[in-house]
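Let me begin by presenting the structure, written as structure tokens, before commenting on it.
The values are calculated or read from the model by the stated rules, or taken from the named source; none is laboratory data. From a predicted model like this one, the values you see are computed outputs, not experimental measurements. Every residue, glycine among them, receives a Cβ derived from its backbone with ideal geometry; neighbour counts consider all protein chains shown.
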Amino acid sequence: MRNPVAVLTAALTLGACALPMTASAATVSATTAAPLTSPAVTEMNATCKEPTSFKAFQLFGDYANYSFAPGGSFEAGATGWSLSGAYVTTKNENLGIFAGTKSLYIKDNGRVVSPWFCVTPDHPTFRYVTYGGEIEMEIDYKVITESDIDDKLVGETNGSSTKWGPSAIHPLALEIPDYKLVKGVVARIVFEAEDNVYVDNVLVDPYRRG
């Protein structure tokens, strides 16, 4: 069986993907490095190159390693994200997950979509932090060499109106059929707000367990 990462990389090189996606990872400056890790934190991207990970949610009893989804810190704005009824603001989370200054504000009925990024069986879940009202999440995914896009509702978060808090752990690769994952898959995360809400630090768990 062909290595799915090799298939994905070749497809990107030849321009085989029918949809636009992030072609390179953005690097977060070491001067704003996460409090829980010493290396500079980088973001996931569509080439399957694994970024630096850190234990983002260990203060909440979650000792998994996480890496930023593309643009998931919002420190450089919302590059690559599709925003409807949303914008980047200076209200940053104060939970000690990442020492930044910005977050994403989504108005009631707003919708935001992340850039496409590589997903393998080693990316089972994702998580983020919120402040405010209710928000629903879905994932869109596709085989890199095919045009059909599938979607899956993966959960919702009812945030606090008085403080930041971590989301539940939501499935990512766990919701994508294995027969598609072995072909090489890209995915994107969709947030739909049902009230005014802030979202920050969208992170993907890059290590499979079990």
> If you go through the range 95-135, how many residues are over 24 Å from residue 152 (Cβ atoms) and polar (S, T, N, Q)?
Replying inline: 2
> Which residue out of 202, 154 is assigned to a strand (DSSP E or B) and touching a helix residue (DSSP H, G or I) at 6+ places or on another chain (Cβ under 9 Å)?
Replying inline: 154
> Among the residues of the range 79-122 satisfying the criterion of being outside any strand (DSSP E or B) and among the aliphatic types (A, V, I, L, M), which is surrounded by the most Cβ atoms within 10 Å (Cβ to Cβ)?
Replying inline: 97
> Does the range 177-185 contain at least one residue that is within 24 Å of residue 73 (Cβ to Cβ) and within 14 Å of the chain's Cα centre (by Cα)?
Replying inline: no
> Of all residues in the range 123-151, how many are part of a strand (DSSP E or B), more than 13 Å from the chain's Cα centre (by Cα) and touching a residue at least 60 places away in the same chain (Cβ under 8 Å)?
Replying inline: 6
> What is the number of the single condition among (1) out of contact with any helix residue (DSSP H, G or I) (no Cβ under 8 Å at 6 or more places or on another chain); (2) at pLDDT 95 or above that residue 139 does not meet?
Replying inline: (1)
>> Can you find, within the range 165-188, the residue that is nearest to residue 55 (Cα to Cα) among those that are in a helix (DSSP H, G or I) and in contact with a Lys or Arg (Cβ under 9 Å, 6 or more places away or on another chain)?
In response: 173
> Which of the residues that make up the range 175-210 are closer than 14 Å to residue 139 by Cα and surrounded by fewer than 15 Cβ atoms within 10 Å (Cβ to Cβ)?
Replying inline: 177
> Does the range 189-196 contain at least one residue that is over 23 Å from residue 58 (Cα atoms), among the charged types (D, E, K, R) and outside any loop (DSSP other than H, G, I, E, B)?
Replying inline: yes
> In the set 134, 138, 146, 156, which member is surrounded by fewer than 20 Cβ atoms within 10 Å (Cβ to Cβ) and more than 30 Å from residue 179 (Cβ to Cβ)?
Replying inline: 134
> Only one of these conditions is not met by residue 90: (1) among the polar types (S, T, N, Q); (2) free of Cβ contacts under 8 Å to residues at least 24 places away in the same chain; (3) at positive phi. Which number is it?
Replying inline: (3)
>> Condition first: of a type outside the set (Gly, Ala, Ser), under 13 Å from the mean Cα position of the chain (by Cα), modelled with pLDDT of 90 or more and part of a loop (DSSP other than H, G, I, E, B). Now tell me which residues in the range 42-78 satisfy that.
In response: 70, 74
